[in-house]
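Have a look at the structure below, then the notes.
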Amino acid sequence: MRAWKVRFLCFVVLNAAVQNVTSLEEELADSIFGNFLDPVKGFFDHEAESNATVAKFSLRKPSHPDDDLCYIIPGKPDSLATCTFNSTSKTFLIIHGWTLSGMFESWIPKLVSALYEREQTANVIVVDWLNSAQNHYVVAAQKTKAVGREIARFIDWIEETTNMPLENIHLIGYSLGAHVAGFAGNNKLHPFLSSSAVSDAVKCEHERSVHLFIDSLLNEQEAATAYRCGSNEMFDRGMCLSCRKSRCNTVGYDISKVRKPRSVQMYTKTRSSMPFRVYHYQLKIHFSSKVNSSDMEPSLTVSLYGAKGEAENLQLKLKEKILTNKTHSFLLVTEKDIGDLLMLKFKWEETNGWSASSMLKMVSSWWSGSSDGANVAVHKIRIRAGETQQKMVFCIKDADAQKLTQELTFVKCKDSWRTNRKRTLRRVTLENH
């Protein structure tokens, strides 16, 4: 009777896991395993331990990474020579995750090829734990600890047999494979054992994370940058583009190791295809007025012009209605490097009953000296470039323009205002004397 209850309990949890795999992968290990599955934890541990071998290790070749397999068998040193294992080079262990098909996913040969592209003399080993990984999600997740122990024993054997330093061994885990890599690292308890969890690197589509890692190998000079941020909403306002105190990092292979007392969330935007890197900008725009104006929801468009090119007609996404006498922050991304920013054009269009003329009047009235009741203006546009960390201030090109136009041009502000301030102070000092 007890065994039937266990099977029924698993059936309920497994159905929930299949319906929402992505979110469960991040939370199951801590929340469900720690509470809901405690009564059956011993059952699964015993079953995993009863298997003599829970993982196989195939060394892939760069010429045919998907079908040219050679298995390294722990305890049999001859298998190292047969597979032409290079004990003086870096060794990468790729650990796949949960699978429904029981077969390797298409990204594995792509990652193998990318690793050889970057590290030509390396040993690239794929850890095969498909027999356990093809079970229902919760069962597969429960197997990860045993697989991690098996990998730790494999690394011990490699280290003892070849005298390979542990700093040359790198674990790359995807999905549940990231949990496996974590267990393997915990068993080794060695500070030099490198592990990369590519399932939760950035807040983006789940499988895209492994392709971001592949991209970082193939496009060394165009690796994406991720930024530490408290929430997706804050990031979409461009409020988290600072790199101070290790607040940003490279996505993928060349990531800088930073010790933090707790885990942090990193965010980035990507293109739809490789190279995935984009360039992030924060725009801070202040709409000022002598009187408070009602809130607005215009359509805002910005075109950026730099030393290397331009990015035109980029939409500014409104996260709230625009209020006067308030600074609004926007995130803007370009798909190409336009170089040092030289000029921008700011454009709006009528929405929700607002006429173009009223919006134009709103922005230009301050510059024209109008005493109209609205008297709303855009003084400056402040910009921070995420990738270069450069801060810039742009002023309207023609402050004396009287004619209303649908598009305003902004250029880098000159330092004349500082000079004028010094002249004013000097004049006041002379008059006092």
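The values are calculated or read from the model by the stated rules, or taken from the named source; none is laboratory data. The structure displayed is predicted, hence computed values, not measured ones. Virtual Cβ from ideal backbone geometry, glycine too; neighbours counted across all protein chains shown.
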How many residues of the stretch 248-283 are crowded, with 16+ Cβ neighbours inside 10 Å and in a loop (DSSP other than H, G, I, E, B)? The answer is 12
If only one of K110, K143 is farther than 23 Å from D215 by Cβ and either assigned to a helix (DSSP H, G or I) or out of contact with any Gly (no Cβ under 8 Å at 6 or more places or on another chain) (or both), which one is it?
-> K143
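Of the residues A133, A184, A146, A141, only one is surrounded by fewer than 23 Cβ atoms within 10 Å (Cβ to Cβ) and farther than 27 Å from P275 by Cβ; which?
None of the others qualify; the one that does is A146.
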Return the total of residues in the stretch 68-83 being in a loop (DSSP other than H, G, I, E, B), free of Cβ contacts under 8 Å to residues at least 24 places away in the same chain and surrounded by fewer than 16 Cβ atoms within 10 Å (Cβ to Cβ).
-> 2
Of P261, P298, the only residue that is modelled with pLDDT under 85 and within 26 Å of the chain's Cα centre (by Cα) is P261
Are there any pairs, at least 6 apart or on different chains, whose C-beta atoms fall under 6 Å, with the first in the stretch 255-278 and touching a residue at least 12 places away in the same chain (Cβ under 8 Å) and the second among the hydroxyl-bearing types (S, T, Y), and if so, which?
-> V258/S246; Y267/Y227; F276/T270
Please note which strands (runs of 3 or more DSSP E) are completely contained in the stretch 303-349 and include at least 3 residues that are farther than 20 Å from Q390 by Cα.
-> 310-316, 341-349
Please indicate, with yes or no, whether at least one residue in the stretch 148-163 is outside any helix (DSSP H, G or I), polar (S, T, N, Q) and on the phi > 0 side of the Ramachandran plot.
-> yes
Taking the stretch 86-107, which residues are among the polar types (S, T, N, Q) and either closer than 22 Å to L212 by Cβ or part of a helix (DSSP H, G or I) (or both)?
-> T99, S106
Evaluate the stretch 184-200: report whether one residue or more is modelled with pLDDT of 90 or more, in a helix (DSSP H, G or I) and in contact with a strand residue (DSSP E or B) (Cβ under 7 Å, 6 or more places away or on another chain).
-> yes
Name every residue in the stretch 116-140 that is out of contact with any strand residue (DSSP E or B) (no Cβ under 8 Å at 6 or more places or on another chain) and part of a helix (DSSP H, G or I), in order of residue number.
-> E117, R118, L130, N131, S132, A133, Y137, V138, V139, A140
Only one of (1) surrounded by fewer than 14 Cβ atoms within 10 Å (Cβ to Cβ); (2) in contact (Cβ under 8 Å) with a residue 40 or more places away in the chain; (3) among the hydrophobic types (A, V, I, L, M, F, W, C) is not met by L304, so which one is it?
-> (1)
